[in-house]
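Enquirer: Please see the structure below; I have some questions.
The values are calculated or read from the model by the stated rules, or taken from the named source; none is laboratory data. These numbers were taken from a predicted model, which means no experiment stands behind them. Glycine also receives a Cβ, built like all others from the backbone with ideal geometry; neighbour counts cover every protein chain displayed.
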Amino acid sequence: MRDNTLLLQILTIAHVYGHNDFFKNNFTYRSTRASLTIELFKAHALRVRRYAEDPSIGVDKVEHVLDAAHALSWQCRRNLAIRKLSHNEQLERLVEAAHPRTDPYHRIHARPEVHEPDIHKVPVEPDEDLLLFIRDHNPFLAEWEKDLLTIVDEEAKYFLPMLETKIMNEGWASYWHKRIVESLDLDQGLHLEFIVRHNQVVRPIPGQINPYYLGFKTWEDIYRRHTDPTPEEIKRDGPPAKNGEAKLFEVRETERDSSFLRRFLTEELMREMDLFKYEARGDDLVVDKVSDEEGWREVKETLIRNVGASSIPVIKVEDADFGQNRTLYLKHSHDGRDLQLEYGEKTLAYVARLWGREVVLETTLQGKRSLLCYNERGFSMRALK
């Protein structure tokens, strides 16, 4: 900070104002308890330090648990704004779903079959919170091990909104630092430096997505389309119901990166930014689709599937006692993208380390149902019927 120029200090302050506004108002951050964050992290660090310094535990055992927990930390619920049902609430929903509603025409309709639900199954419903499930259902974990899993889960869920809103957040801060600085009565030298610094931040980067650039351009386009839309846009979308700033503040509060891009990244804007999709063919990277009339939707869908937590596989706990021998049965929610087996093996090894028994993962590989297994004999896989 001491070496920054006056303009860079002004620009940094304006940029941080944008971030502060986004953190305060976007819905994904409502679970982060910002006023308690520093004290919470200090408490976490103190507890970990105490475990590491305890002669009966030590650094090696603490790191053994933390390595596995951090590797699995993103296997948690993605939308923290939706309250997770309690065990009893899940049971009530299961029983209610198993019994059909009263049919006013039951005299002429065939009687539906009723299958009694397994209320003793654990979990009652597939559970995305992998670390918390292991903490609550592995009876062989020591209290300090359970506490470490809680710490890692809490910190992952603190950072999850940042992962889910990187493009929106950086774009918002860049959009507002530009408007703030341009509203100041800067002399010519400072203004020229601002132009250089701003363009260094929001320029496109060859070979990768610059979240500052993509977010900034999308926010600018939202403002323009609700302030000065073209005749074609009015014909296609109708006249804007809100002015530009009102729409900006609405979107800032209610969206995350995936929904933000799905709703507001237009074909015209994609073409302006020259977005394209590429794939590996042998040792080469080859352009597969460009943002023309035929390919822009596929380019957009590929982008959306790789922002935020969308690039992380969704894995849920299906059964904690598969085969009646405490085998942990996991299921991958396949979305058309196969798991990379190298990472799959390492992930199952970490789960087995924390669970203490065999772990199996159901997935789809090359269009076929498969089961990945990890136990004391190591990693294996087989096809499922």
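Enquirer: Tell me which residues, restricted to the stretch 231-249, are surrounded by 11 or more Cβ atoms within 10 Å (Cβ to Cβ) and among the basic types (Lys, Arg).
Expert: The answer is LYS242, LYS247.
Enquirer: Can you tell me which residues in the stretch 180-194 are free of Cβ contacts under 8 Å to residues at least 60 places away in the same chain and surrounded by 12 or more Cβ atoms within 10 Å (Cβ to Cβ)?
Expert: If the condition is that a residue be free of Cβ contacts under 8 Å to residues at least 60 places away in the same chain and surrounded by 12 or more Cβ atoms within 10 Å (Cβ to Cβ), then GLU182, HIS191, LEU192 are the ones that fit.
Enquirer: If you don't mind, another one. Count, please, the residues in the stretch 315-365 that happen to be in contact with a Pro (Cβ under 8 Å, 6 or more places away or on another chain), surrounded by 18 or more Cβ atoms within 10 Å (Cβ to Cβ) and over 22 Å from ARG135 (Cα atoms).
Expert: Total satisfying the criteria: 1.
Enquirer: Sticking with this one: Looking at (1) outside any helix (DSSP H, G or I); (2) under 26 Å from LEU160 (Cα atoms); (3) more than 22 Å from the chain's Cα centre (by Cα), find the lone condition where LYS316 falls short.
Expert: Status for LYS316: all satisfied but (3).
Enquirer: Still on this structure, I have one more. Report yes if ARG369 is of a type outside the set (Val, Ile, Thr), exposed (fewer than 14 other Cβ atoms within 10 Å of the Cβ) and more than 25 Å from ASN325 (Cβ to Cβ), otherwise no.
Expert: no
Enquirer: Can I ask one more? Say we look at the stretch 271-296 and pick out the residues that are in contact with a strand residue (DSSP E or B) (Cβ under 9 Å, 6 or more places away or on another chain) and outside any strand (DSSP E or B); which of these is surrounded by the fewest Cβ atoms within 10 Å (Cβ to Cβ)?
Expert: For the stretch 271-296, the residue satisfying everything is ASP274.
Enquirer: Does ALA52 satisfy the condition of being small (Gly, Ala, Ser), at pLDDT 95 or above and more than 23 Å from ASP127 (Cβ to Cβ)?
Expert: The answer is yes for ALA52.
Enquirer: Hey, VAL181 hits all of (1) of a type outside the set (Gly, Ala, Ser); (2) closer than 24 Å to VAL16 by Cα; (3) assigned by TED's automatic domain parsing to the domain that holds GLU268 but one; which does it fall short on?
Expert: (3)
Enquirer: When you check ILE234 against the structure, is it under 29 Å from ASN25 (Cα atoms) and either of a type in the set (A, V, I, L, M) or over 28 Å from the mean Cα position of the chain (by Cα) (or both), yes or no?
Expert: Against the criterion (under 29 Å from ASN25 (Cα atoms) and either of a type in the set (A, V, I, L, M) or over 28 Å from the mean Cα position of the chain (by Cα) (or both)), ILE234 does not qualify.
Enquirer: Could you please find all residues in the stretch 200-224 being at negative phi and either in contact with a Cys (Cβ under 8 Å, 6 or more places away or on another chain) or in a loop (DSSP other than H, G, I, E, B) (or both)? Steps first, answer last, please.
Expert: Keep residues of the stretch 200-224 that are at negative phi, which gives 200-206, 208-224.
Across the stretch 200-224, the qualifying residues are VAL202, ARG203, PRO204, PRO206, ILE209, ASN210.
Enquirer: Of all residues in the stretch 22-42, count the ones that are of a type in the set (Lys, Arg) and in a helix (DSSP H, G or I).
Expert: Initial filter on the stretch 22-42 (of a type in the set (Lys, Arg)): 24, 30, 33, 42.
Those left that are additionally in a helix (DSSP H, G or I): 24, 42.
Qualifying residue count, the stretch 22-42: 2.
Enquirer: GLU345 is checked against (1) closer than 24 Å to LEU148 by Cα; (2) in contact (Cβ under 8 Å) with a residue 40 or more places away in the chain and fails just one. What number does that condition carry?
Expert: With (1) closer than 24 Å to LEU148 by Cα; (2) in contact (Cβ under 8 Å) with a residue 40 or more places away in the chain applied to GLU345, the lone miss is (2).
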